[in-house]
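Take a look at the structure below.
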Amino acid sequence: MDLSPTDEQAHLRDTLTRFLAKAASPERVREAEPLGFDREVWDGLVEIGAVAMGLPATHGGAGAALADLAVVAERAGSAIAPAPVVEAMVAGRLLAAFAGPDDAWLGRVAEGTALLTLAVRPATAGLATLVPGGAVADAALVLDADSGDLVLVPLRPSGSAIENLASSPLGDVATTAPDRVVLASGHTAATAYALALDEWRALTACWLGGLSRAALDLGVQYATDRKQFGVPIGSFQAVQQTLADVATDLDGAELLAAKAVWALDEHEAVADRFASMAFSFSAQTAEKVTSAALHFHGGYGFMEEYDVQLYFRRAKGTRLLLGDPRGELLELADRIFPGGTAPATTQPAVVASATLPADRERRGPDFRLGADVEAFRDEVRAFLAEHVTDDVVEQAYRTGTVHNWDLHRAMATQGWISAGWPAEYGGGGRSPLEMNVLSEEMYLSGAPVDGMGIASLVAHTILLEGSDWQKATIVPRILSGEVICCLGYSEPESGSDVAACTTKAENDGDEWVINGQKMFTTLAHESAYVFLLTRTNTEVAKHKGLTMFVVPMDTPGIAITPVHTMGGERTNITYYDDVRVPDRFRVGDVDAGWKVMMTALVFERNAAWYGEAVRLLDHAAHWAASAPGPDGTPRLADPLVRERLARGAIGNEVSNLLGWRAAWLASTGVLPSTEGTMAKLFTTEHYQRSAGDFIDLLGADGLRRHGSPGAPADGWIEAVYRHSQVTTIYGGTSEVLRGIVAERGLGLPRNR
Ligand SMILES: Cc1cc2nc3c(=O)[nH]c(=O)nc-3n(C[C@H](O)[C@H](O)[C@H](O)COP(=O)(O)OP(=O)(O)OC[C@H]3O[C@@H](n4cnc5c(N)ncnc54)[C@H](O)[C@@H]3O)c2cc1C
């Protein structure tokens, strides 16, 4: 996996940025309205080679990958450049699939003397309406829905567009023109057009990503500069939280667009799904981002002099080009559930060779994990298929203890608790990508993961912050699977404000005496150690007077009381009454506990949680495929059901990508702080929304609990509906995470 652009792409990006900064400045974009076309911009893009480079070398192009065209699309979107460059690039490739190297039209397209566009909705009754670029193109490629022919229609650009929301050069194209050329018919035409449309979807997603990023920058800049009530408006939490949400969605949309482009370049079997998801999600995100950026400009955003409205109008205008956005969700559902059947899992299996073929270079951002990682995945899958039985899943549900000692010890025997640990400490030396695969497969299998997750989090933190004695004594016990740990951060009066901790640790010779109470000490009843945050100094700012300990749970003075939760999970209150701990159990320096906490939190937020959401969607899809609706056909045939399932699938993919990005960054040596936070924020919010959506699908039967006769999907959706509520609370509430994204990620002024 390598999500960075190639050197050539970085260079192309710079060239385009420089050109568009002048040629498509906001003033020039305005001047090009209402037509939405600037000949100089078009000519400049032609000169840079942007328009023809995607054509095969045999046909006058450079045989560039879609990943290169994605750079053009993203830059053009960022500048909302007044030229239909995405349509032109895609139409050129479609024409090249049918025209010989000597074709006159293709020759003109390659040299830039003809502007070719693509009708993104088929023509009916001889007319393709609102064709992007249709008002300025010299020819359009159109699928005639009535005859099934793919035709090239020569046009005489009118120079005036149909007035429209986006100030885009839209025009109607009549396919009955006598000089039209039939390029292909029937199945051949339909297949080629469908592929071109998917290329358009993926590149338009990149274009919308560029547009959204530029609009977000405008919003953030305005929120930083504009003051009300004596402070920058970007320091208000209402502003921060919304901008953090749309920024997170945008990161996900960019990743999804890049994955769609990659999948098309690699001829992935499921590339069509990614293309559809990318268009849907990027278009929805563009609408959200531009709407937020406009809103936070107050009344000024509404004024034509302000640039943000230019972006706002084009976002919605682009989203509508394929029709009602809900139709695109149904299209996606058709792709996920072909023939109205639910696959074994809704998680798309990417089958491209796991490794980049030796005889070629990377084309751009590359999503394959590598043969080693995939081989490890196979090993993990086989292991989990054997060990995570229905009984194991059921036991965790019944007891509320999301830990299974047999599974844990079997994992330890495999060397997987210590798999990510460096070999010098007895670990498996597995890479962050392999560790993410392990975690991903565990969640996908439904394995009870909490015990292992917390144990490895504590072990990792000790590796970075602990003493040699702790590394030699405590860590091996954790990694061998002998013991697990629990986290003692939260207290009755300090939850989100964890630094307000009052559990006191006082120095007494070579020992510390601890007194206090911790809330929600999950797995305390199974743990050998508690990773305990304490107050050691009350004379300094609250963050500066904390110290972390790893305290043996069998130390006299510790008491545990169970707490049962709505989601079924058991957690605990733990009490510390004159608990005496030798100094060697202190992790990090005295009063430096906050730094230790921060390291630990990064590990907590990077888990591949989205597997839970995949299992949820699978339950809903299988139920829908088998449950009859009022007319006797399966519920999966109902558009209301299909639309919800499609939305669930998109959110799952975005969650997956945000998680993998964090893992990839970690594999490059970067501690993915904001990126891990975004992954946790998006994944849990989406999971919770999906649970609400899917229990609604079940109607009154959705009330039936797991285990009760007749419960749809065996009651698992009801169980998840309850459980999912806590995921936006523990590991940092969504509000706290949005604050981190807003201030650390977007650089908004500090909230007060
Ligand atoms: C099942 C379960 C298991 C848990 N396991 C553990 C564990 O093992 N170890 C552990 O230490 N803790 C654990 N927790 C505790 C969990 O981390 C806290 O519940 C969480 O941090 C929130 O703290 P709180 O419950 O005190 O809520 P509060 O912090 O009081 O928050 C209440 C509400 O106010 C909002 N809010 C608070 N501050 C702000 C702010 N600055 N801006 C905007 N909104 C704000 C929150 O987002 C939330 O919606 C667990 C909790 C549960 C429910």
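Among the residues of segment 59-103, write down those that are more than 19 Å from residue 267 (Cβ to Cβ), part of a helix (DSSP H, G or I) and open to solvent by 10 Å² or more (accessible area, probe 1.4 Å). The answer is 59, 71, 74, 75, 78, 87.
Okay, residues lined up against (1) of a type in the set (S, T, N, Q); (2) out of contact with any strand residue (DSSP E or B) (no Cβ under 7 Å at 6 or more places or on another chain); (3) at pLDDT 95 or above:
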site	(1), (2), (3)
703	no, yes, yes
732	no, yes, no
736	no, yes, yes
749	no, no, yes
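Taking the criterion of being within 16 Å of the ligand (Cβ to nearest atom), out of contact with any Pro (no Cβ under 6 Å at 6 or more places or on another chain) and of a type in the set (Lys, Arg), would at least one residue in segment 537-560 satisfy it? Yes, some residue in segment 537-560 is within 16 Å of the ligand (Cβ to nearest atom), out of contact with any Pro (no Cβ under 6 Å at 6 or more places or on another chain) and of a type in the set (Lys, Arg). Against the test of being within 17 Å of residue 730 (Cβ to Cβ), of a type in the set (Gly, Ala, Ser), in contact with a Lys or Arg (Cβ under 6 Å, 6 or more places away or on another chain) and within 16 Å of the ligand (Cβ to nearest atom), the options 495, 488 yield a single qualifying residue, 488.
For segment 442-450, state whether one or more residues are in contact (Cβ under 8 Å) with a residue 12 or more places away in the chain, in a loop (DSSP other than H, G, I, E, B), within 15 Å of residue 528 (Cα to Cα) and not hydroxyl-bearing (Ser, Thr, Tyr). Within segment 442-450, not a single residue is in contact (Cβ under 8 Å) with a residue 12 or more places away in the chain, in a loop (DSSP other than H, G, I, E, B), within 15 Å of residue 528 (Cα to Cα) and not hydroxyl-bearing (Ser, Thr, Tyr). Exactly one residue among 278, 196, 244, 223 is open to solvent by less than 20 Å² (accessible area, probe 1.4 Å), aliphatic (A, V, I, L, M), in a helix (DSSP H, G or I) and within 16 Å of the ligand (Cβ to nearest atom), and that residue is 244.
Confirm whether residue 475 is away from the ligand (no atom under 14 Å from the Cβ), in contact with a helix residue (DSSP H, G or I) (Cβ under 8 Å, 6 or more places away or on another chain) and either part of a helix (DSSP H, G or I) or more than 26 Å from residue 615 (Cβ to Cβ) (or both).
Numbers: away from the ligand (no atom under 14 Å from the Cβ): yes; in contact with a helix residue (DSSP H, G or I) (Cβ under 8 Å, 6 or more places away or on another chain): yes; either part of a helix (DSSP H, G or I) or more than 26 Å from residue 615 (Cβ to Cβ) (or both): yes.
Yes, satisfied.
Going by what's in this entry, would residue 310 be described as more than 21 Å from the chain's Cα centre (by Cα), open to solvent by less than 10 Å² (accessible area, probe 1.4 Å) and over 30 Å from residue 346 (Cα atoms)? Yes. If the condition is being within 14 Å of the ligand (Cβ to nearest atom) and touching a Leu at 6+ places or on another chain (Cβ under 8 Å), then segment 521-536 contributes 521, 522, 530, 531, 533, 534.
Among the residues of segment 498-515, the ones that are within 12 Å of the ligand (Cβ to nearest atom), closer than 17 Å to residue 530 by Cβ and either in a helix (DSSP H, G or I) or open to solvent by 20 Å² or more (accessible area, probe 1.4 Å) (or both) come to 1 in all.
Could you check segment 212-228 and list, in sequence order, the residues that are within 12 Å of residue 243 (Cβ to Cβ) and more than 23 Å from the chain's Cα centre (by Cα)? Matches in segment 212-228: 221, 222, 223, 224.
A quick yes/no check of all residues on (1) open to solvent by 40 Å² or more (accessible area, probe 1.4 Å); (2) away from the ligand (no atom under 16 Å from the Cβ); (3) not in a helix (DSSP H, G or I):
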site: 645; (1), (2), (3): no, yes, no
site: 650; (1), (2), (3): no, yes, no
site: 655; (1), (2), (3): no, yes, no
site: 671; (1), (2), (3): yes, yes, yes
site: 680; (1), (2), (3): no, no, no
site: 702; (1), (2), (3): no, yes, no
site: 715; (1), (2), (3): no, yes, no
site: 739; (1), (2), (3): no, no, no
site: 744; (1), (2), (3): yes, no, no
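Assess whether residue 591 counts as being acidic (Asp, Glu), at positive phi and in contact with a helix residue (DSSP H, G or I) (Cβ under 6 Å, 6 or more places away or on another chain). It is true that residue 591 is acidic (Asp, Glu), at positive phi and in contact with a helix residue (DSSP H, G or I) (Cβ under 6 Å, 6 or more places away or on another chain). All of (1) within 16 Å of the ligand (Cβ to nearest atom); (2) among the basic types (Lys, Arg); (3) within 24 Å of residue 373 (Cβ to Cβ) hold for residue 518 with one exception: (3). Among the candidates 130, 106, the residue that is buried (at least 22 other Cβ atoms within 10 Å of the Cβ) and of a type outside the set (Phe, Trp, Tyr) is uniquely 106.
The values are calculated or read from the model by the stated rules, or taken from the named source; none is laboratory data. Just so it is clear, the model here is predicted, and its values are computed rather than measured. Using ideal geometry, Cβ is built from the backbone for each residue, glycine included, and neighbour counts are taken over all protein chains shown. Only protein heavy atoms, including side chains, enter the accessible area calculation; ligands, DNA and RNA are left aside. Shrake-Rupley method; radii C 1.70, N 1.55, O 1.52, S 1.80 Å.
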